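The structure under discussion appears below in the form of structure tokens.
The values are calculated or read from the model by the stated rules, or taken from the named source; none is laboratory data. In this text, all values refer to a predicted model and were calculated from it rather than measured experimentally. Because the Cβ atoms are built from the backbone with ideal geometry, glycine has one as well, and the counts that use them run over all protein chains shown.
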Amino acid sequence: MTATLTATSERVLTLNDVIAKYSHIPRLLILRIDAQIRGIHYTDQALSAVDPAIHQIYSRARHGIKEDESKQYPASLLLRDGSLIIASHTPLEKNPYLVDLVDGRLALVDNDEIIEFVELWEKPAYYELYTSSGIPMKDVVSARPQRLDLSSSTYCHFGAKHKGCKFCAIYPPDRKTVAARIKPQDITETIRAAISEPGRFSFIHITGGTKLGGKELLDAELEHYIETLQAIGENFSTKKFPCDVTTTAFSEKQLHRLYDETGIMAYTTDMEVLDEEKFNWICPGKSETIGYREWKKRLITAVGIFGRGYVGTGIVAGVELAKPFGFTSEDEALRSTLAEAEDLAANGVTTWGTVWKVLPGAEFRDQKGPSLEYCVRLAEGLYQLRVKYDLKVDFNDYRRCGNHPDADLSRLLK
């Protein structure tokens, strides 16, 4: 199996080595982290098993990866424990896991060895429907197996001004157009259709790029989220409903408006990197506009509005090791990151990590990603902080997100 360097030596650890060394961590979770780091590649045989009438398809090029437009790629994969593998279709030269068809079943394969059998996501019924204005509902709200995702904007001010986060390939600086704004009525209708499917969805997540405009910095972004949340709220009789947003770091005044004028239950604003020096380098737009300390202060302020455990921040696990200005030691990176995460946890903010996948569309496209062992250690450390400070992760657990290994541990370990 493909190997990974340890954090403390030059000895190479295979996937099985890491599984054996961290035997208290579920094997499938470690495998999923490895798949996120390395990516996956669908063979033609695997793609022959994809049925667009049943399975959720993602056929457009994403994250700077040039996909064959003639092929229909699955949105992603499910493991047998119900957890998700949210990983990019990756060129073979990058040494990804293969997804192949083996005796009629889809399997993750590495060096001709079957590692685990997997399943495809089934598409929800509303994907076949249209809004009253004629827009396909799947283009208004996308779905994970138990979560609805709405992107409030495909524009990011930082990316457009060449100040985007260096790991990001979602909002590249060379974007030439801005997608039309989705009308509130289309949002209302799509959410109504989606939640009419009994037992299918348990949460709604909204995010989008940064908008700096308005009377006060970020007012334009705030107004867009309020409009979107109010459109969703038309489908609920209660003031609050199971929904969160991931936004740029709003001021206290803006946070009060967001909470008071919508049905939102939880709030996230991603710091991306828990180290001021690394943050300034990796996230120049965020650094110059709001700054590391103010971003952190606004997270803590949000706890007084939304409550302990209902405010979170995401980090890109491993990007703090990027060259040339990142940490030179995985041990040092781990100590620093967990110390900052603990300071946030002590103030009621939970931190979760998304595994850094080096993507060709990002400024960091030529970097080397983190080791498997580092990501496992970080996931366990973040989980232990939530236990220590009795913080919830209900709104971002394996059902409501599925992209954070540390959050998955909350249902598996004690």
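Can you tell me which of Gln45, Gln36 is modelled with pLDDT of 95 or more and assigned to a helix (DSSP H, G or I)? Before the answer, list the steps.
Working: Gln36 fails: modelled with pLDDT of 95 or more.
Only one candidate passes the filter, namely Gln45.
Output the qualifying pairs, or none if there are none: Cβ atoms under 9 angstrom, residues six or more apart or on different chains, first residue in segment 95-107 and closer than 12 Å to Tyr42 by Cβ and in the same structural domain as Arg80 (by TED's automatic domain parsing), second residue crowded, with 18+ Cβ neighbours inside 10 Å and of a type in the set (Lys, Arg).
From segment 95-107, the pairs are Pro96/Arg38; Tyr97/Arg38.
Matching residues to (1) out of contact with any helix residue (DSSP H, G or I) (no Cβ under 6 Å at 6 or more places or on another chain); (2) under 30 Å from Arg335 (Cβ atoms):
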| site | (1), (2) |
| --- | --- |
| Leu218 | yes, no |
| Ile226 | yes, no |
| Ala231 | no, no |
| Thr268 | yes, yes |
| Trp295 | yes, yes |
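When you scan segment 170-189, do you find a residue that is within 16 Å of the chain's Cα centre (by Cα) and part of a loop (DSSP other than H, G, I, E, B), even just one? Spell out how you get there, then give the answer.
Within segment 170-189, the subset within 16 Å of the chain's Cα centre (by Cα) is 170-171.
From the residues that got through so far, the ones that are part of a loop (DSSP other than H, G, I, E, B) too are 170-171.
For segment 170-189, residues within 16 Å of the chain's Cα centre (by Cα) and part of a loop (DSSP other than H, G, I, E, B): present.
Among the residues of segment 369-389 satisfying the criterion of being of a type outside the set (S, T, N, Q) and without any contact (Cβ under 8 Å) to a residue 40 or more places away in the chain, which is surrounded by the most Cβ atoms within 10 Å (Cβ to Cβ)? Explain how you work it out, then say what you get.
Step one: filter segment 369-389 for residues of a type outside the set (S, T, N, Q), giving 369-370, 372-383, 385-389.
Right, trim to without any contact (Cβ under 8 Å) to a residue 40 or more places away in the chain and you get 383, 387.
On the way: Tyr383: 22, Val387: 13.
The extreme case among them is Tyr383.
Could you figure out which of (1) assigned to a helix (DSSP H, G or I); (2) under 17 Å from Asp244 (Cβ atoms); (3) not charged (D, E, K, R) isn't true of Trp352?
Just one mismatch for Trp352, condition (1).
One line per residue, one yes/no per condition, for (1) farther than 20 Å from His162 by Cα; (2) touching a residue at least 60 places away in the same chain (Cβ under 8 Å); (3) in contact with a Ser or Thr (Cβ under 6 Å, 6 or more places away or on another chain):
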site	(1), (2), (3)
Leu255	yes, no, no
Val273	no, no, no
Lys278	no, no, no
Lys296	yes, no, no
Phe306	yes, no, no
Gly326	yes, no, no
Glu363	no, yes, no
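Considering every residue within segment 59-77, establish whether at least one is over 25 Å from Cys168 (Cβ atoms) and at pLDDT 95 or above. If you could, list the steps in order and put the result at the bottom.
Initial filter on segment 59-77 (over 25 Å from Cys168 (Cβ atoms)): 70-72.
With the extra rule that they be at pLDDT 95 or above, the set shrinks to none.
Looking through segment 59-77, none of the residues is over 25 Å from Cys168 (Cβ atoms) and at pLDDT 95 or above.
For Cys375, state whether it is within 23 Å of Pro242 (Cβ to Cβ) and either out of contact with any Leu (no Cβ under 8 Å at 6 or more places or on another chain) or among the small types (Gly, Ala, Ser) (or both).
no
Scan segment 21-33 and report the pairs whose first residue is assigned by TED's automatic domain parsing to the domain that holds Ala379 and at negative phi and whose second residue is part of a helix (DSSP H, G or I) and surrounded by 18 or more Cβ atoms within 10 Å (Cβ to Cβ), with Cβ atoms within less than 6 Å and a gap of 6+ or a chain change.
none
Could you say whether any residue in segment 340-352 is under 24 Å from Cys165 (Cβ atoms), small (Gly, Ala, Ser), surrounded by fewer than 17 Cβ atoms within 10 Å (Cβ to Cβ) and out of contact with any strand residue (DSSP E or B) (no Cβ under 9 Å at 6 or more places or on another chain)?
No, because not a single residue in segment 340-352 is under 24 Å from Cys165 (Cβ atoms), small (Gly, Ala, Ser), surrounded by fewer than 17 Cβ atoms within 10 Å (Cβ to Cβ) and out of contact with any strand residue (DSSP E or B) (no Cβ under 9 Å at 6 or more places or on another chain).
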